Amino acid sequence: MVADTPLSEAMYAAWIAERGPAEAIRYGKLPIPRPGPTDVLVRVQAVAVDPVDVLVRSGRYDTALPFPFVVGRDVVGTVAACGPGVTGFAPGEVVWSNSLGHAGRQGPSAEFAVVPVDRLYHLPEGASPVPAVAVLHPAASAYLGLVTHGALRAGQTVLIGGGAGHVGRAAIVIAVHAGARVLATAAAGDLDECRRLGAEAAFDYRDGDLVDTLRDAAGHRVDVQLDTSGHQNLDLAVDLAAPRGRIVVMAGMGERPQVPIGRIYTQDLTVVGFAISTATTAELAEAAARVNQLLGMGALLPRRVEAMPLSAAAEAHRRLEAGEARGVRLVLVPGG
């Protein structure tokens, strides 16, 4: 094992002893974890605070957690040590992961985190850790939704709901760079931003004539639809869909839309659910490769980032849960 830190020392971490409210998050010392044979120990530089982190911490998303459990999922940092079975990584290299903190894996809201080598990727040269970590989860989600599950191809038409949100913004960028024609819906004040990102047209989701407007713009020929807003109108989605179109559902846990079964089967449509937590390591690696390309080009940038010290993890979770971080990506920084 090659290391740049004594593994016997303790580290500061944000962790929980059991599932519960944001106030259950503690900040204090835990032992530095030891990487297994195919793991990499990462010295953490930045950790994003995701909505899914709230679901895991509270227990609303049921997944195996080792207690004490370090919260979080997405991390950028530098390689501190490699297990003996690890190849392709060396101490000091800047790396990232966006699939920690669930299914029995510890999260990265600490000074050090262990990452399985098949879930770790190099960060492109020149990418800054804080803005980069803010886009990793949304961008990978958008890629998996559009390409892996939506089978998006160049020349097709895409409709993205919630185009100004974190996933929606990334989805516009990914679809445009895939050679698709992009339509988006968002709040009135965000339409110019959607167009700046590359959407051919953007529409106010509160517009009373939205249904007719979308029909005119899309011409009933939308190949892939991805609604990131949490609201699912399957009647409208089916009406806009091209024959053999794909409707990707990735938000709206509490939604109970009516399902127009007849038109789904007569138009040969696909309605597919998707959550990044179920992605395979091969799918995650494919998404990471595309995310890295776009990061290297400077095409993936968060709209607004607020860095907070790691010790403020509980406050970050509280703000996210209370809806006080809309339009902002909260990022935890050790040592801040």
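Taking into account only those residues within the range 154-199 that are part of a strand (DSSP E or B) and not aliphatic (A, V, I, L, M), which is nearest to the chain's Cα centre (by Cα)? If we take residues in the range 154-199 being part of a strand (DSSP E or B) and not aliphatic (A, V, I, L, M), then Gly161 is nearest to the chain's Cα centre (by Cα).
Arg215 falls short of the stated requirement of being closer than 30 Å to Gly298 by Cα and not assigned by TED's automatic domain parsing to the domain that holds Gly327. Can you confirm whether the range 47-62 contains a residue that is among the hydroxyl-bearing types (Ser, Thr, Tyr), assigned by TED's automatic domain parsing to the domain that holds Gly85 and closer than 28 Å to Ser128 by Cα? No. Looking at (1) modelled with pLDDT under 90; (2) in contact with a Ser or Thr (Cβ under 9 Å, 6 or more places away or on another chain), which is the one condition that is false for Thr185? Here Thr185 meets the rest and fails (1).
Here's the yes/no breakdown for (1) among the aromatic types (Phe, Trp, Tyr); (2) in contact (Cβ under 8 Å) with a residue 40 or more places away in the chain; (3) closer than 17 Å to Gly162 by Cβ:
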residue	(1), (2), (3)
Leu183	no, no, yes
Gly189	no, no, yes
Asp192	no, no, yes
Arg195	no, no, yes
Phe203	yes, no, yes
Asp212	no, no, no
Arg215	no, no, no
Asp227	no, yes, yes
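Just for the range 118-130: of the residues that are buried (at least 19 other Cβ atoms within 10 Å of the Cβ) and not aliphatic (A, V, I, L, M), which one is farthest from Ala287 (Cα to Cα)? Here the residue is Pro129.
Of all residues in the range 306-324, those being crowded, with 18+ Cβ neighbours inside 10 Å and closer than 15 Å to Val130 by Cβ number 3. Screening Glu9, Glu18 for residues that are within 29 Å of Gly254 (Cα to Cα) and of a type in the set (D, E, K, R) leaves exactly one candidate, Glu18. The one condition from (1) in contact with a Lys or Arg (Cβ under 9 Å, 6 or more places away or on another chain); (2) closer than 19 Å to Ala251 by Cβ; (3) touching a residue at least 40 places away in the same chain (Cβ under 8 Å); (4) not aromatic (Phe, Trp, Tyr) that Ala170 does not meet is (1). Filtering the range 188-208 for residues that are over 23 Å from Leu301 (Cβ atoms), crowded, with 21+ Cβ neighbours inside 10 Å, outside the structural domain of Gly323 (by TED's automatic domain parsing) and modelled with pLDDT of 95 or more leaves a non-empty set. Being out of contact with any His (no Cβ under 8 Å at 6 or more places or on another chain), under 24 Å from Val167 (Cβ atoms), surrounded by fewer than 16 Cβ atoms within 10 Å (Cβ to Cβ) and of a type in the set (A, V, I, L, M) holds for only one residue in Ala90, Ala103, and it is Ala103. Out of Gly335, Gly327, Gly273, report the one residue that is under 23 Å from Ser128 (Cβ atoms), in contact (Cβ under 8 Å) with a residue 24 or more places away in the chain and more than 15 Å from the chain's Cα centre (by Cα). Exactly one residue qualifies, and that residue is Gly335.
Could you please let me know if Thr213 is under 22 Å from Leu294 (Cα atoms) and either touching a Gly at 6+ places or on another chain (Cβ under 8 Å) or modelled with pLDDT of 90 or more (or both)? Please lay out each step first, then the result.
On the way: under 22 Å from Leu294 (Cα atoms): no; either touching a Gly at 6+ places or on another chain (Cβ under 8 Å) or modelled with pLDDT of 90 or more (or both): yes.
No, not satisfied.
Scanning the range 27-66 for residues that are assigned to a strand (DSSP E or B) and surrounded by fewer than 15 Cβ atoms within 10 Å (Cβ to Cβ) returns Gly28, Lys29, Pro31. Gly83 fulfils the conditions (1) within 18 Å of the chain's Cα centre (by Cα); (2) small (Gly, Ala, Ser); (3) farther than 17 Å from His317 by Cα except for a single criterion, (1).
The values are calculated or read from the model by the stated rules, or taken from the named source; none is laboratory data. The structure presented is a predicted model; accordingly, all values stated were derived computationally and were not measured. Cβ coordinates were reconstructed from backbone atoms using ideal geometry, including for glycine residues, and neighbour counts include every protein chain displayed.
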